[in-house]
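Undergrad: What follows is a structure written as C-alpha cells; I'll ask about it next.
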C-alpha cells in the first residue's frame with residue numbers, strides 16, 4: 001500500500017521544480033514534473049502484470065493525482081511492456097467478478113472521472129485489462145513496436161475492465177468483437193488506422209512525443225477539458241435534445257472561469273493565452 005513520502009508533500013511542489021515524487025509506492029512510481037504527473041507501472045520483470053497490490057496502488061495513485069493540482073497525467077509502463085493484464089501467476093480468486101468489483105471497475109471509473117486530461121504512453125504490449133487502462137485515457141500514443149490484445153478468450157474468460165464499453169465506441173462492434181473473440185494482436189499502426197489510438201510513433205520518439213503532448217495539455221484550459229470529456233461520454237448515450245441541454249449547462253460553467261476571461265483577453269490582444277486551469 002502507498003505510504004506518504006517523509007520529505008515531500010504536494011503543497012511543497014512548485015511549478016518550476018524539475019521533478020518531485022508525490023508519494024512512495026512499491027509497485028508503481030508517481031512523479032510530478034511541473035504541472036504534469038507521470039504514473040509508471042513498475043513490475044517490469046512480469047511485464048507490469050496487474051496483481052492485487054498493484055491494483056490497490058493504482059487506485060490510491062488515481063485519487064492522489066486528482067487532488068494534486070496536476071494538469072495532465074501520463075500513464076506508462078517500465079521496461080518492455082505497458083501492461084500484460086492480470087497476473088495469472090498470482091493467487092487466483094474463486095470469484096473473478098469480486099476482483100472486478102473491488103479493483104478493476106473502480107479503477108476505470110476513477111480514470112474516467114479525473115479532472116485533468118490523461119495520456120497513455122504505450123511502449124510495448126497492452127494486454128487484457130492493460131489494454132483497457134490504456135484506452136480509458138483521453139489520448140493514447142503508442143510506439144510502432146507496441147500492440148493491443150484482448151487475451152481473455154485464450155483462458156476462457158470474457159473481456160473486462162470496461163473493454164466491452166470502450167472498444168466498440170472506438171472501433172465499432174465488428175472490430176471490437178473480432179478482437180475479443182479471436183484474441184489476435186492489433187499492431188499500433190493498425191490501431192491508429194482504426195481510430196483506436198491517437199498516434200503511432202517510432203519507438204525512439206515515444207517519450208518526446210508524449211512529453212510534448214502532456215506539456216501542451218498542461219498549458220490548456222483544464223476546466224474546459226474536463227467538461228469536454230464529460231460531454232463526449234454523455235453524448236454517446238443520450239439524445240440530441242439531452243446533449244444540447246448539457247452543452248448549454250457546460251458552456252455556462254466554462255463561461256464563468258478565469259480561463260475564459262483570459263482566452264478572450266489574449267484573443268483581443270493577439271497573444272497566446274496563459275491559462276491557469278481555473
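The values are calculated or read from the model by the stated rules, or taken from the named source; none is laboratory data. A quick note: this is a predicted structure, and the numbers were derived from the prediction, not measured. Glycine gets a Cβ as well: all are built from the backbone with ideal geometry, and neighbour counts include every protein chain shown.
Undergrad: If the Cβ limit is 8 Å and pairs must be 6+ apart or interchain, which residue in the stretch 61-78 that is at positive phi and assigned by TED's automatic domain parsing to the domain that holds residue 26 pairs with which residue that is in a loop (DSSP other than H, G, I, E, B) and surrounded by fewer than 23 Cβ atoms within 10 Å (Cβ to Cβ)?
TA: Between residues of the stretch 61-78 that are at positive phi and assigned by TED's automatic domain parsing to the domain that holds residue 26 and residues that are in a loop (DSSP other than H, G, I, E, B) and surrounded by fewer than 23 Cβ atoms within 10 Å (Cβ to Cβ), the close pairs are 69/13; 69/35.
Undergrad: Where in the stretch 83-186 are the helices (runs of 4 or more DSSP H), entirely inside, with at least 2 residues that are touching a strand residue (DSSP E or B) at 6+ places or on another chain (Cβ under 7 Å) and assigned by TED's automatic domain parsing to the domain that holds residue 54?
TA: Hits in the stretch 83-186: 129-135.
Undergrad: Can you confirm whether the stretch 246-261 contains a residue that is in a loop (DSSP other than H, G, I, E, B) and crowded, with 18+ Cβ neighbours inside 10 Å?
TA: Yes.
Undergrad: Yes or no: residue 278 surrounded by fewer than 19 Cβ atoms within 10 Å (Cβ to Cβ) and without any contact (Cβ under 8 Å) to a residue 24 or more places away in the chain?
TA: In short, no.
Undergrad: Quick check on my filter: what residues within the stretch 147-171 are on the phi > 0 side of the Ramachandran plot and surrounded by 15 or more Cβ atoms within 10 Å (Cβ to Cβ)?
TA: Hits for the stretch 147-171 are 161, 162.
Undergrad: Looking at the structure I just gave you, is residue 193 in a helix (DSSP H, G or I), surrounded by fewer than 17 Cβ atoms within 10 Å (Cβ to Cβ) and either in contact with a strand residue (DSSP E or B) (Cβ under 8 Å, 6 or more places away or on another chain) or not assigned by TED's automatic domain parsing to the domain that holds residue 116 (or both)? Reasoning before the result, please.
TA: Numbers: in a helix (DSSP H, G or I): yes; surrounded by fewer than 17 Cβ atoms within 10 Å (Cβ to Cβ): yes; either in contact with a strand residue (DSSP E or B) (Cβ under 8 Å, 6 or more places away or on another chain) or not assigned by TED's automatic domain parsing to the domain that holds residue 116 (or both): no.
Here the answer is no, as residue 193 does not meet what is asked.
Undergrad: Checking residue 205 against (1) under 17 Å from the mean Cα position of the chain (by Cα); (2) modelled with pLDDT of 95 or more, only one condition comes out false. Which one?
TA: (1)
Undergrad: Let me ask something else about it. For residues that are closer than 30 Å to residue 277 by Cβ and assigned to a helix (DSSP H, G or I), tally how many sit in the stretch 21-50.
TA: Residues in the stretch 21-50 being closer than 30 Å to residue 277 by Cβ and assigned to a helix (DSSP H, G or I): 0 in total.
Undergrad: Related question: So which residues in the stretch 84-119 are within 18 Å of residue 27 (Cα to Cα) and touching a residue at least 60 places away in the same chain (Cβ under 8 Å)?
TA: Listed by number, the residues that qualify are 85, 88.
Undergrad: Do we have residue 39 as without any contact (Cβ under 8 Å) to a residue 40 or more places away in the chain and either in contact with a strand residue (DSSP E or B) (Cβ under 7 Å, 6 or more places away or on another chain) or not assigned by TED's automatic domain parsing to the domain that holds residue 161 (or both) here?
TA: The answer is yes for residue 39.
Undergrad: Same structure, new question: Among the numbered criteria (1) surrounded by fewer than 16 Cβ atoms within 10 Å (Cβ to Cβ); (2) closer than 28 Å to residue 70 by Cα, which one does residue 174 miss?
TA: Residue 174 satisfies all of (1) surrounded by fewer than 16 Cβ atoms within 10 Å (Cβ to Cβ); (2) closer than 28 Å to residue 70 by Cα except (2).
Undergrad: Take the stretch 221-245 and flag every residue that is without any contact (Cβ under 8 Å) to a residue 60 or more places away in the chain and part of a loop (DSSP other than H, G, I, E, B).
TA: Across the stretch 221-245, the qualifying residues are 221, 237, 238, 239.
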